[in-house]
Every structure is written in structure tokens, then in C-alpha cells.
Amino acid sequence: MSEKLPKGWAEVDLDKILIYSKGKKPKTLSQKKADGLVPYINIKAFEQGVIDEFADVKSSKLICKTDILVVWDGARFGLTGKGMEGAAGSTLMVLTPVLIDPEFLFHFINRHYSYINSKPKGTGTPHVNPDIFWKLKFPIAPLSEQKRIIAKLDQIIPRIDLVKERLNKIPAIIKRFRQSVLTAAVAGKLTEQWRAKHSDFDSPVWIKSKYNKIIPHEEYRNEWNNIDIPEHWNCLHLKEIADLRLGKMLDGIKNTGVETKYIRNVNVRWFQFELDDLKTIKLLQEEVIKLSIKNGDVFICEGGEPGRAAVWQSGENKMTFQKALHRVRFHGNVEPYWLVYNLKLDADTDRLSRLFTGSTIKHFTGRSLADYPLLLPPLEEQEEIVRQVDKLFAIADKLESHYQKAKARVDNLSQSILAKAFRGELVITEAELVEREGRDFESAEKLLDRILEEKAKLSGNKKSTVIRRSVKDRKTQKESIRNAK
């Protein structure tokens with residue numbers, strides 16, 4: 001990751017320009033502030049700025065505002081923070097730069113966050129790989145140039161962050177838009193104008209029901225979904241109008257028969273299927289027929305995210321489905337997507353959770369699914385609603401695509417600015433300024449000598465001469481290569 005450096009700069013492994021130590025859990029932790037206690041910087045305090053614990057000074061790893069903190073353990077390892085005072089938590093690494101501006105170091109690590117986070121160490125809880133982190137090539141600029149680079153970054157980065165903040169609001173807006181569309185669809189608002197032109201509806205009892213138990217409008221409105229619905233719409237429990245079947249328990253040891261592909265809970269997303277990682281299981285032919293998959297079948301997750309559903313539209317096949325999925329196959333007069341729209345709206349508004357069982361892990365059992373109250377407009381109106389929802393959702397999809405592209409451009413802009421900063425391209429270099437003004441300046445190589453001496457004093461390191469020699473050896477090696485070319 002080394003790059004060509006401008007005149008007057010030097011390069012060294014990251015661990016050579018700082019003193020570092022891991023945070024730790026103190027002997028005393030209290031939720032109340034008291035004399036002799038300091039703020040405990042745990043992950044919550046680090047990420048959200050919320051201090052909810054206080055640690056004793058004697059047994060803590062104390063930090064000051066000029067220290068740079070790095071998340072060392074956990075999913076967001078490599079994330080960097082600054083400007084905090086107190087006691088460092090056990091998942092944080094504390095970096096104290098030696099004769100390097102802390103802000104300069106902060107921006108440098110931020111530039112490499114994606115790289116650091118993509119190279120974890122550990123199979124359980126991931127953490128920063130020290131062999132990678134400490135060997136990052138740190139470009140040392142003259143001190144005055146570091147300050148000018150920081151000043152420039154302080155002008156640019158907040159503007160980029162403001163754009164990011166505004167962009168980050170867009171997904172929530174799109175989500176609310178989709179939910180508003182579904183709310184209007186389920187309440188019959190989307191088809192008000194359409195109904196004005198199509199008044200020749202069937203009678204209210206227009207669909208054949210196994211039990212013929214129509215749920216009264218008032219009961220539906222009061223007990224399930226507090227919205228007024230058109231008078232000509234019916235409401236029936238799902239068991240009355242569809243065949244409901246839970247998939248098969250797929251035991252690779254016990255099952256026999258023909259190798260058969262099957263869809264799992266994870267393959268079913270909202271409104272679509274992801275079929276890149278289909279598994280196979282041996283099944284008897286009669287089981288494959290009984291648990292077949294056809295166009296128009298609705299698959300609903302029993303666990304995981306209970307209620308998540310999609311309509312199969314990829315043709316008949318010889319696949320099957322596992323026990324974690326419900327298959328809903330309508331007897332007729334129902335547009336399958338209409339069911340998915342209702343499920344999605346009820347899931348988003350937490351109404352669907354009324355039908356779940358389980359205290360910790362929630363399940364949408366077959367019995368609960370059978371009792372799901374489904375509104376039933378006439379088939380023609382269902383089809384019109386689906387057409388209009390698809391049209392509006394296509395707009396939302398387009399907006400989401402624009403958002404993703406804009407976000408990628410802004411994210412790349414941040415990295416591009418930081419890359420320019422550490423290539424010496426963001427501001428005029430100290431060497432160029434000196435050349436114009438005809439004065440002398442402290443080069444980064446001289447600064448590096450001072451850093452190594454100061455670090456040796458601070459850490460009691462007796463090997464400073466060895467470190468300095470290794471730096472000079474690398475310089476000599478680079479010069480030899482340059483001359484050979």
C-alpha cells in the first residue's frame with residue numbers, strides 16, 4: 001500500500017511513530033459518577049457519545065483528548081475515534097502519536113478503515129490483524145504541512161459528511177413511501193377512481209369459501225386493522241380460500257429417494273427469491289409431488305423474519321421446500337401478490353406479530369397463518385391494485401438505484417480526498433513553499449529522527465538506533481533501485 005511520496009516526506013511503519021496499548025476493564029465500574037471515577041469509554045460511549053459507566057483511575061487505562069482510539073475487537077474493528085477523555089474499554093486500542101499531529105494520524109487510519117476491516121484476525125470475534133495494522137506505511141509530512149493538510153480536510157470532510165447525512169435519510173423516506181403505497185392499497189384508496197368507472201361488482205359473497213365465514217367489516221376494522229374499507233370488499237380467514245402446507249423436515253441422514261433441490265427460509269426475501277445457493281436433499285417421488293412448486297404459489301417464512309413472503313413466478317419445476325416455509329396455494333379468485341402486500345404492511349406495522357408464537361424466537365405457525373384475516377376485493381380490483389402498486393414501487397426502485405449510485409460516489413469522494421492528502425496533492429507541499437521563498441525547513445526525515453529519539457525516551461526503548469538504521473537501510477535500498485533504473 002506504499003505510494004510515491006512528494007519531496008521532503010518520509011515513510012515508516014505505523015508502529016514506529018506512536019506508543020500504543022490496549023484498553024482494559026477496570027476493577028471498579030459504576031453507573032453513577034463519583035469522586036475518583038472517570039468516564040468509561042466502552043463501545044456505546046465510543047460510537048454514540050453516551051457515557052453510562054464510570055471507572056476507577058488506579059486500575060484503568062487512562063486516555064486524553066489527543067489520543068486516537070481504534071476499535072480492536074468486534075464487527076466494526078478498525079473504526080477510529082478521537083477527542084475522548086477517561087478510561088479506555090477493553091475492546092479499544094489507544095494510540096499516542098509521537099511528534100505527529102493526532103488529527104493527521106486520525107485521518108490516515110480512517111483512509112485505511114475498509115482495508116483494515118476486510119482483513120480480520122480470529123474465527124470467533126473478529127479483531128484487527130496486528131501484522132497488517134502496525135505495518136501500514138505511514139507517510140510523514142513536515143509538521144507545518146501536516147497542519148495545512150488538516151486545515152484543508154477540516155474544510156472539505158464536514159461538507160462531505162453533511163451530504164452523507166442527507167443521503168442517509170433517503171432510505172427511510174423510500175421505506176415510508178412504500179408503506180404509504182401499501183396502506184393506500186389495502187384501504188382501497190388506490191382504486192377509488194378506478195371503482196368510479198367500474199361499478200358492476202359481484203355481490204359481497206362473490207367467492208367460494210370452504211366455511212363461508214365472512215368477517216364483518218366492523219369486526220375487521222376494530223380487531224385487526226383500524227381502517228375503513230369499501231363496502232363491497234369481503235374479509236375471510238386464509239384457511240377458507242387457500243391450501244396451506246408447511247414444508248418437509250429435511251434430514252439428510254434419514255431421507256431417501258431422488259436428489260431434489262429445495263428452497264429454504266433464507267431464499268425467500270420480500271417480493272422475490274434469491275436462488276444462488278440452493279441445497280439438495282433425497283426425496284421420494286410422492287413427496288416431491290406433494291410438496292411441489294408452481295407459478296402463483298406464495299411462500300411465507302415460518303421463522304427468521306416470520307411472515308416474509310414472495311410469489312413464485314419461475315415456472316413449474318421439480319424442486320421442493322423445507323419445513324421453515326409455508327406454501328399458500330389459492331383455490332381461485334385471489335391475486336397472489338395481494339396477499340404479499342397485506343402481509344408486508346401488517347409486518348411493518350407490527351400487526352402480524354399478534355399471530356406469532358414463542359417468547360424469544362418468534363414463529364408464524366400453520367395454525368396462526370390459517371387464521372390470518374385477508375381482505376378480498378373482487379379479482380378485477382385486486383389485479384388493478386397490484387398493477388398500480390407495481391407502478392409506484394418501480395418509481396421507488398428507481399429512486400433507490402439513484403441513491404445507491406450517489407452514495408457510492410460520495411463514499412468514493414471521501415476516499416479520493418484522503419488519498420490525495422496522503423500523496424501530498426491536497427495542498428502545496430512544504431518543499432515547494434520553501435523553494436519559492438528560499439528558506440530552510442525541517443524535512444520529514446529529520447522529523448523522523450526526532451520521533452524515534454522521543455519515542456525511545458517515552459517508552460524506554462533501547463533499540464532506537466536499530467530502528468533508525470533499518471529506516472536508513474530502506475532509504476539506501478530505494479536509492480539503489482532508483483539508480484539502477
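The values are calculated or read from the model by the stated rules, or taken from the named source; none is laboratory data. Note that the structure is predicted; figures quoted are calculated from it, not measured. As a convention, Cβ positions derive from the backbone with ideal geometry for all residues, glycine included, and neighbour counts pool all protein chains shown.
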Reported set for the stretch 305-322 where residues are crowded, with 16+ Cβ neighbours inside 10 Å and at pLDDT below 90 is MET319, THR320, GLN322
For the stretch 414-443, enumerate the residues that are among the small types (Gly, Ala, Ser) and over 12 Å from TRP9 (Cα atoms).
-> SER414, SER416, ALA419, ALA421, GLY438
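Per-residue answers, yes or no, for (1) buried (at least 22 other Cβ atoms within 10 Å of the Cβ); (2) touching a residue at least 60 places away in the same chain (Cβ under 8 Å):
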| site | (1), (2) |
| --- | --- |
| HIS331 | no, yes |
| TRP338 | yes, no |
| ASP348 | no, yes |
| SER353 | no, no |
| THR357 | no, no |
| ILE361 | no, no |
| ARG367 | no, no |
| ASP371 | no, yes |
| LEU375 | yes, yes |
Might you check whether a residue that is in the same structural domain as PRO120 (by TED's automatic domain parsing), under 30 Å from SER443 (Cα atoms) and outside any helix (DSSP H, G or I) occurs anywhere in the stretch 20-40?
-> yes
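Conditions (1) aromatic (Phe, Trp, Tyr); (2) in contact (Cβ under 8 Å) with a residue 12 or more places away in the chain; (3) surrounded by fewer than 16 Cβ atoms within 10 Å (Cβ to Cβ); (4) touching a strand residue (DSSP E or B) at 6+ places or on another chain (Cβ under 8 Å), marked per residue:
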| site | (1), (2), (3), (4) |
| --- | --- |
| GLU11 | no, yes, no, yes |
| ILE17 | no, yes, no, yes |
| TYR20 | yes, yes, no, yes |
| GLY23 | no, yes, no, yes |
| LYS27 | no, yes, yes, yes |
| LYS33 | no, yes, yes, yes |
| LEU37 | no, yes, no, yes |
| ASN42 | no, yes, no, no |
| PHE46 | yes, yes, no, yes |
Index of the failed condition, ASP243 passing every other in (1) within 19 Å of TRP338 (Cα to Cα); (2) at pLDDT below 80; (3) within 40 Å of the chain's Cα centre (by Cα) = (2)
All but one of (1) basic (Lys, Arg); (2) under 16 Å from VAL181 (Cβ atoms); (3) assigned by TED's automatic domain parsing to the domain that holds GLU219 hold for LYS318, so report the exception by its number.
-> (2)
Of (1) within 30 Å of the chain's Cα centre (by Cα); (2) surrounded by fewer than 23 Cβ atoms within 10 Å (Cβ to Cβ); (3) of a type in the set (Gly, Ala, Ser); (4) over 23 Å from ASP131 (Cα atoms), SER59 satisfies every one except (1)
Of those in the stretch 251-280 that are more than 16 Å from GLN313 (Cα to Cα) and among the aliphatic types (A, V, I, L, M), the residue modelled with the lowest pLDDT is ILE253
With respect to ILE51, determine if the residue is under 19 Å from PHE106 (Cβ atoms) and among the β-branched types (Val, Ile, Thr).
-> no
